[in-house]
1. Given the Cα-Cα distance of S51 and A28 and 0.36 nm per residue of separation, how much length would full extension add, in nm?
2. If you count the DSSP beta bridges with both ends in segment 1-87, what percent of them are antiparallel, to the nearest 5?
3. Roughly how many Å² of S86 are accessible to a 1.4 Å probe, to the nearest 10?
4. On the accessible surface of segment 34-80, probed at 1.4 Å, how many percent belong to carbon and sulfur atoms?
5. What is the spin-label model distance, in nm, from S96 to T4 if the labels are put 7 Å beyond Cα along the C-beta direction?
Amino acid sequence: TSGTITYGLTLGNSGTATSGTSATIKEALPAGVVATAVTAGSGVSGVNCGSLPSAAGAALTCTVTLTSGLSNAGTASFSITATAPSTGGSITNYASVIQRAVVSGDAERLVLDDQLRQCGHDGKHTG
């Protein structure tokens, strides 16, 4: 309880065209979870999720700038560091891409893989 957790978020392009170089991600933090930092990962040159630390259980809107457009099956990632709730139990997290760009008349499809790390394989925070 009240430990540090890390959400790893990976954007992937499952479309046929190369993606644009920015995406907006909507991240709904679970109740009691406070985002404290964001870190650009592979293929990401910058990420901004607003003023941190967030409110507990906040709905974050993160603007992600990619180092280049993602080709078909390409990926890029970033992470959100947070403080776990003060009580144990299950944590369910939801995130989605809310903005897609159109490239040369062919819309790419950005897919988000949201993965909770450091809370066990079943997503339950135990301390």
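1. Going from the current span to full extension adds 6.8 nm.
2. On the way: 26 of 26 bridges.
Here the share of antiparallel DSSP bridges comes out near 100 percent.
3. Roll a 1.4 Å probe over it and S86 shows about 90 Å².
4. Details: 1010 of 2040 Å².
The C+S portion of the solvent-accessible surface of segment 34-80 is 50 percent.
5. Modelled inter-label distance: 3.2 nm.
The values are calculated or read from the model by the stated rules, or taken from the named source; none is laboratory data. Please read all numbers here as calculations on a predicted model, not as lab measurements. Virtual Cβ from ideal backbone geometry, glycine too; neighbours counted across all protein chains shown. Quick note on the areas: whole protein, heavy atoms, side chains included, nothing else; ligands and nucleic acids left out. Shrake-Rupley method; radii C 1.70, N 1.55, O 1.52, S 1.80 Å.
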